[in-house]
Amino acid sequence: MELSTQLPAVLRQVLLPIVADATGAPGTLRDKGERLARAEGFTATERDELEKYFAEHRAKFDLLDPAAPFGQVAGLRTAKDETKGSAALVATAASGNNVPLFASRTDADPLDLTPAQAAHWLVHTHCWDTAAIKTGMVGDPQVKAGKTTGNPTGPLGQLGVIIPTGRTLYETLMLNLPLTPPGTLGVPQWTRAPHGAGWQARAAEGLLDLWTWQARRIRLIPHEDRDGQLRVARVVIGAGDRLTPTPETEPHTTWTFTAPKKSPSGRPERRPRRHAQGKAAWRGLDALLAPARQDTDGVFETSILLDQVSALREAGQLPADYPLQVETFGLVYGTQSSVIEDVIHDAIPLPLLALQQDSEAHELLLDVAEQAERLATAVNNLSADLRRAAGADPIPWDKGQRPGQLLLHTLDPPVRRLLAGVRDTGTDEDILHRGRLAWEQTAARHAWDAATALLLSAPADTFGGRTIDQPGKTGKTLTFTLGTAGANFRRQINQILPRHADAVRTAAEAHDKPATTINTLPGADLEH
């Protein structure tokens, strides 16, 4: 894959629909568990079904067929027969207003794509294309002044995409096939009547329609290079079908749940949850581990697929130490979603036991994610107190880089090692307790390292400090000094990491020293 976001595009537009349409999607939890348990992968019967499917639909997957090219509209053209460079398909290439930072080529440079590359970027465009105005196509009755307006991004661009992965491609396919009642799968785009230039706003008609959604009308224009090899350097791209709304059966996202009492309509509302730019996947564990069906006080919902993985574990059809990985994908759009600013991709090990709400692992991982965020806030508070003591204003939350962000970056490797360790531990609560203490010790060490750097770099006049008026409280003042800033930070650390604080006090008593002189303890940690 040339770009990480091609993986969910190929998975949804090609691999999953073929497997589901040829062999059927699991109808029951037991069926899904039995499929996942097969060490040999597809059964002989399923392989026969796939071979028959490929033979029957082979022509439908011809990328350059003149009558019915895969994922395209034959003969698609503009009123002036204009075409665009193939860079219009490539999210990382300069094209029009979409100019990536430090791009090594310009829109005027030709970009020859091999058929394989063109196929990858074709399905990527259906899933992730930018929004805004598209050139009008001949035969589209909704064209106005040669343009179509109000185009949304591709369907995946509106989600925080989550893909559970297993040890093999077969396991990954099975993990991503949700339970689907018979007769509700629908049909993929290649078994429907060929599209014309016209488009419509509509709801998805089943899972296969959703996965193979044709969000754009596209035509690839092939040519032969000097060596006689087929290449694609020019394309035609117009408006396509608009998905309204994202169906609640969408399996590859978590959800934000609005309780009835807070919803404008007075009814429960669910909307796809987007990934935050620059935020590691483990920092979103509250959504990944939220139970699937929330009550009126609920906030997040996990994805359908992770909910079913949890059910498989509870039914004993997946072992507690199954090496599940969760990959997250997203694009960050700018200027009314007309350009791509950043790509989001992360992968974390996810312990199956953590998906069970009443488990020790579930509580541990949520606590770790919360503690990391609170430690970052504590470091930011220390920085703010020291700046006030020096007569300066704190760093604004939306400007510059605050030291808490650097701490979160430092804590990232220990958190990932903890996730992998919890996944491999199984149900041994004693090991989990030791792991929790090791995490708090490691986190405290990194937090104190960040604090020490701030304290050592503080100017000399912070010793005397500053006294300022309390906002909104006439006659009330606050004094900020180096000493009070450090004491406040130590108090916050002890509140955030109580097990570490208890261990420090115990060690201090054993050595007959003040607890404030011992910040970390020797022993197990998450550094290696």
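Output the residue which, of all residues in the range 315-344 that are at pLDDT 95 or above and among the polar types (S, T, N, Q), is nearest to Leu29 (Cα to Cα).
Gln325
Keeping to the range 499-521, report how many residues are part of a helix (DSSP H, G or I) and either within 41 Å of the chain's Cα centre (by Cα) or at pLDDT 70 or above (or both).
13
Which numbered condition in (1) out of contact with any Ser or Thr (no Cβ under 7 Å at 6 or more places or on another chain); (2) under 27 Å from Pro26 (Cα atoms) is the only one that Arg219 fails?
With (1) out of contact with any Ser or Thr (no Cβ under 7 Å at 6 or more places or on another chain); (2) under 27 Å from Pro26 (Cα atoms) applied to Arg219, the lone miss is (2).
Can you pull out every residue in the range 276-309 that is surrounded by fewer than 17 Cβ atoms within 10 Å (Cβ to Cβ), in a helix (DSSP H, G or I) and either at pLDDT 90 or above or touching a Cys at 6+ places or on another chain (Cβ under 7 Å) (or both)?
none
Within the range 173-191, which residues are in a loop (DSSP other than H, G, I, E, B) and among the aliphatic types (A, V, I, L, M)?
Leu177, Leu179, Leu185, Val187
Looking at the range 199-214, I want the residues that are in a strand (DSSP E or B) and have a partner that is acidic (Asp, Glu) with Cβ atoms under 9 Å, at least 6 apart or on another chain. Which pairs are those?
Close Cβ pairs satisfying both conditions: Ala201/Asp241; Arg202/Asp241.
Look through Thr425, Thr442, Thr452 and report the one residue that is surrounded by fewer than 22 Cβ atoms within 10 Å (Cβ to Cβ) and at pLDDT 95 or above.
Thr452
Only residues that are charged (D, E, K, R) and in contact with a Phe, Trp or Tyr (Cβ under 8 Å, 6 or more places away or on another chain): list them for the range 319-345, please.
Correct list: Glu341 only.
Exactly one condition in (1) free of Cβ contacts under 8 Å to residues at least 24 places away in the same chain; (2) within 30 Å of Ala131 (Cα to Cα) is false for Gly316; which is it?
With respect to (1) free of Cβ contacts under 8 Å to residues at least 24 places away in the same chain; (2) within 30 Å of Ala131 (Cα to Cα), Gly316 is out only on (2).
Between Pro182, Pro245, Pro178, which is over 29 Å from Leu113 (Cβ atoms), over 27 Å from the mean Cα position of the chain (by Cα) and not aromatic (Phe, Trp, Tyr)?
Unique residue meeting the criteria: Pro182.
Go through the residues of the range 136-148 one by one and say whether even a single one is in a helix (DSSP H, G or I) and within 30 Å of Arg270 (Cβ to Cβ).
Here is the first cut: in the range 136-148, the ones in a helix (DSSP H, G or I) are none.
Checking the range 136-148: not a single residue is in a helix (DSSP H, G or I) and within 30 Å of Arg270 (Cβ to Cβ).
So Leu366 fits all but one of (1) part of a helix (DSSP H, G or I); (2) over 30 Å from His252 (Cα atoms); what number is the exception?
(2)
Looking only at the range 337-361, filter to residues that are hydrophobic (A, V, I, L, M, F, W, C) and assigned to a strand (DSSP E or B); which one of those is farthest from Ala315 (Cα to Cα)?
First, the residues of the range 337-361 that are hydrophobic (A, V, I, L, M, F, W, C): 339-340, 343-344, 347-348, 350, 352-355, 361.
Filter once more, keeping what is assigned to a strand (DSSP E or B): 339-340, 343-344, 347-348.
Values: Val339: 45, Ile340: 43, Val343: 37, Ile344: 34, Ala347: 26, Ile348: 24 Å.
Among residues in the range 337-361 that are hydrophobic (A, V, I, L, M, F, W, C) and assigned to a strand (DSSP E or B), the one farthest from Ala315 (Cα to Cα) is Val339.
Going by the structure shown, is Ala420 of a type in the set (A, V, I, L, M), modelled with pLDDT of 90 or more and in contact with a strand residue (DSSP E or B) (Cβ under 9 Å, 6 or more places away or on another chain)?
Here the answer is yes, as Ala420 does meet what is asked.
Just give me the residues in the range 199-218 being more than 21 Å from Thr130 (Cβ to Cβ), in contact with a Gly (Cβ under 7 Å, 6 or more places away or on another chain) and not charged (D, E, K, R), in sequence order.
Gly206, Leu207, Leu208
Of the conditions (1) crowded, with 16+ Cβ neighbours inside 10 Å; (2) in a loop (DSSP other than H, G, I, E, B); (3) not hydroxyl-bearing (Ser, Thr, Tyr), Pro194 clears all except one; give me its number.
Exception for Pro194: condition (1).
Restricting attention to the range 360-380, which residues are within 20 Å of Arg434 (Cβ to Cβ) and among the small types (Gly, Ala, Ser)?
Residues satisfying the conditions are Ala361, Ala369, Ala372.
May I ask you to list the residues in the range 481-498 that are part of a helix (DSSP H, G or I) and over 25 Å from Arg466 (Cβ atoms)?
Those that are part of a helix (DSSP H, G or I) and over 25 Å from Arg466 (Cβ atoms): Asn494, Gln495, Ile496, Pro498.
The values are calculated or read from the model by the stated rules, or taken from the named source; none is laboratory data. Fair warning: this is a prediction, and the values are worked out from it, not measured in the lab. So basically every Cβ, Gly included, is an ideal-geometry build from the backbone, and we count neighbours across all protein chains shown.
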